[in-house]
Amino acid sequence: MIQDNQANFLYLSQLLREYSEFSCNLIKVLNSTSINYSTLPNTKDIWCVDYMPIQAETNKFIQFKFEPDYLQGKQWIKYQTNPKIVCDSLGIIPLEVPIKLDGGNVIKGNNWIIMTDKIISENNQYSKAELIAQLEQIFNCKIIIIPKEPGEMTGHADGIVRHYADDTVLINSYKGSGLENYQERLQNSLSQAGLKTIKIPNDSANNIRADDATGLYINFLQMENLIIIPTYESKTDKLVVELFEKLYPSIQILTINSIEVARMGGVLNCISWNIKV
């Protein structure tokens, strides 16, 4: 299973340039690293991780059905990218799977994948056991199901949890958010799967809109020997950077002000499709 920390090539949507200040700053940050990057053509929105295929091996990509419930309304369907058109333009022929799943709901470890239970509600033609069995066969690894965050529209896991080590994950801290009971359920589900947890500060609890990701740090971009952390002109920024420097002492840690895109509902992992070439 190709993990984020093995990725050495980054794709971004060509639409990201519409967020001019953020995109210019991101290019400057990327140019200061050894990461190669390019843009995806024919995208309908900037959230690349969700509609692009999942890389299991260097030359094996798995394309799930991208028909998220939050884009099926008349107002939103125009933002639903057709991944086949994008993949064709890149010369990628993925294995197509008729299961609904967004890439933002896939957190990859070496021998496990974490998803929220949104995967179950969006594929109710299968029983939970049947669905998990199919996914474990497709990915050839253990599937760990966690509860989705209450009130979060997409039901994605990448705003909740990230890989740290084979036996440890990073999770959002929900202290003072009113979601402490959810935190307990989340940690229980991960503990039952044999995973330890490290809490990452989270300043998104006081956002007025539920789809505003400002203050969400766990949605960082990770590549080979590099982590880019979103910042929000907050005193918490410094605390998070210092924590990541302790957690990843041999990894380059960079930051980028991400308020402009966070207000649209996602941050750095959301806008990225990072692969190993």
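Along region 236-241, what does the Karplus equation 6.51 cos²θ - 1.76 cosθ + 1.60 (θ = phi - 60°) give for ³J(HN,Hα), rounded to whole Hz, x for Gly and Pro?
Result, ordered by residue: 6, 3, 5, 4, 5, 4 Hz.
Under a 5 Å amide H to amide H cut-off, with H placed in plane at 1.01 Å, what residues pair with SER173 once short-range neighbours are removed?
The answer is ILE200, ASN202.
Multiplying the sequence separation of SER121 and ASP88 by 0.36 nm and subtracting their Cα-Cα distance, what value in nm do you get?
Values: separation 33, 0.36 × 33 = 11.88 nm, distance 2.99 nm.
Once the chain is fully extended between SER121 and ASP88, it gains 8.9 nm.
Within region 132-151, which residues have the backbone N less than 13 Å from the label spot 7 Å out from ASN188 along Cα→beta-carbon, could you tell me?
Answer for this model: 147.
Step through the residues of region 46-61 one at a time and calculate ³J(HN,Hα) from phi using the Karplus curve (6.51 cos²θ - 1.76 cosθ + 1.60, θ = phi - 60°), rounding each to whole Hz and writing x for Gly and Pro.
8, 8, 4, 4, 6, 9, 7, x, 9, 7, 8, 9, 3, 10, 10, 10
Student exercise: in region 120-277, how many lysine pairs 8 or more apart or on different chains have Cα atoms under 21 Å apart?
Number of lysine pairs found: 16.
Among the GluC sites (Glu not before Pro) in region 70-146, which ones are in a DSSP loop with at most 10 other Cβ atoms within 10 Å of the Cβ? Mind listing them?
Numbers: sites: GLU96, GLU122, GLU130, GLU136; in loops: GLU122.
Answer by residue number: there is no such site.
Looking at region 1-120, how many pairs of lysines come closer than 23 Å at the Cα, when each pair is eight or more places apart or spans two chains?
25
Can you list the residues, at least 5 places off or on another chain, whose amide H is less than 5 Å from the amide H of LYS100, using H built in the peptide plane?
Hits under the 5 Å cutoff: LYS65.
Using +1 on the beta carbon of Lys and Arg, -1 on that of Asp and Glu, and nothing else charged, what's the dipole of region 12-89 about the Cα centre, debye to 20? Intermediate results must be reported in sequence, preceding the final value.
Numbers: 8 positive and 8 negative charges, 25 e Å.
For this selection, approximately 120 debye.
Which of the peptides 165-172, 238-245 is most tightly packed, and how do the rest follow, judged by the mean count of other Cβ atoms within 10 Å per residue?
Numbers: 165-172: 17.8, 238-245: 15.8.
The densest-packed peptide leads the list: 165-172, 238-245.
Using modelled backbone amide H atoms (1.01 Å from N, in-plane), which distant-in-sequence or interchain residues come within less than 5 Å of ALA213's amide H?
ARG263, MET264, GLY265, GLY266
By counting other Cβ atoms within 10 Å of each Cβ, how are ILE229, ILE27 ranked from fewest to most?
Working: ILE229 24, ILE27 14.
Least crowded to most crowded, the residues run ILE27, ILE229.
Could you work out the relative contact order of region 4-275? I mean the mean sequence separation of Cα pairs under 8 Å and 6+ apart, divided by the number of residues, in percent. Write down the numbers at each step before the final one.
Numbers: 488 pairs, mean separation 58.5, N = 272.
In percent, rounded to a whole number, it is 21.
With 10 angstrom as the radius, rank TRP47, TRP273 by how many other C-beta atoms surround their C-beta, starting from the fewest.
So the ranking, lowest neighbour count to highest, is TRP273, TRP47.
What order do you get for CYS48, CYS141 when you list them from fewest to most C-beta neighbours inside 10 Å?
On the way: CYS48 27, CYS141 17.
Ascending number of Cβ neighbours within 10 Å: CYS141, CYS48.
Rounded to the nearest 500 deg cm²/dmol, what is the calculated helix-only ellipticity per residue at 222 nm for the chain, with -39500 (n - 2.57) per DSSP H run of length n ≥ 4? Provide the component values of the computation, followed by the final result.
Working: 8 runs with 70 residues, N = 277.
Helices in the chain give a 222 nm mean residue ellipticity of -7000 deg cm²/dmol.
Need the full-extension length gain, SER20 to ASN42, defined as separation in residues times 0.36 nm minus the C-alpha distance. One decimal, nm.
Gain on extension, SER20 to ASN42, equals 6.0 nm.
Just one of [x] 69, 54, 24; [y] 61, 56, 46; [z] 46, 42, 40 is Cα extents along the principal axes in Å as worked out from the coordinates here. Which one is it?
Calculated Cα extents along the principal axes in Å: the matching label is [z].
Assuming R0 = 51 Å, can you tell me the calculated FRET efficiency for the pair GLU245 and LYS74, based on Cβ-Cβ distance, to the nearest 0.05? If you can, show how the numbers build up before the last one.
Numbers: r = 47 Å, r/R0 = 0.91.
The pair GLU245/LYS74 has a calculated efficiency of 0.65.
When ranked by the protection proxy of mean other Cβ atoms within 10 Å per residue, highest first, what sequence do the peptides 51-60, 64-73 form? Could the numbers behind the result be given before it?
Values: 51-60: 18.9, 64-73: 16.2.
Put in order of decreasing packing, that is 51-60, 64-73.
For region 211-217, what does the Karplus curve 6.51 cos²θ - 1.76 cosθ + 1.60, with θ = phi - 60°, yield as ³J(HN,Hα) per residue in whole Hz, taken in order and with x for Gly and Pro?
9, 8, 9, 4, x, 8, 8
Throughout, read-outs are computed from the coordinates displayed, never taken from laboratory work. Here the structure is a predicted model, which means the values were calculated and not measured. Glycine gets a Cβ as well: all are built from the backbone with ideal geometry, and neighbour counts include every protein chain shown.
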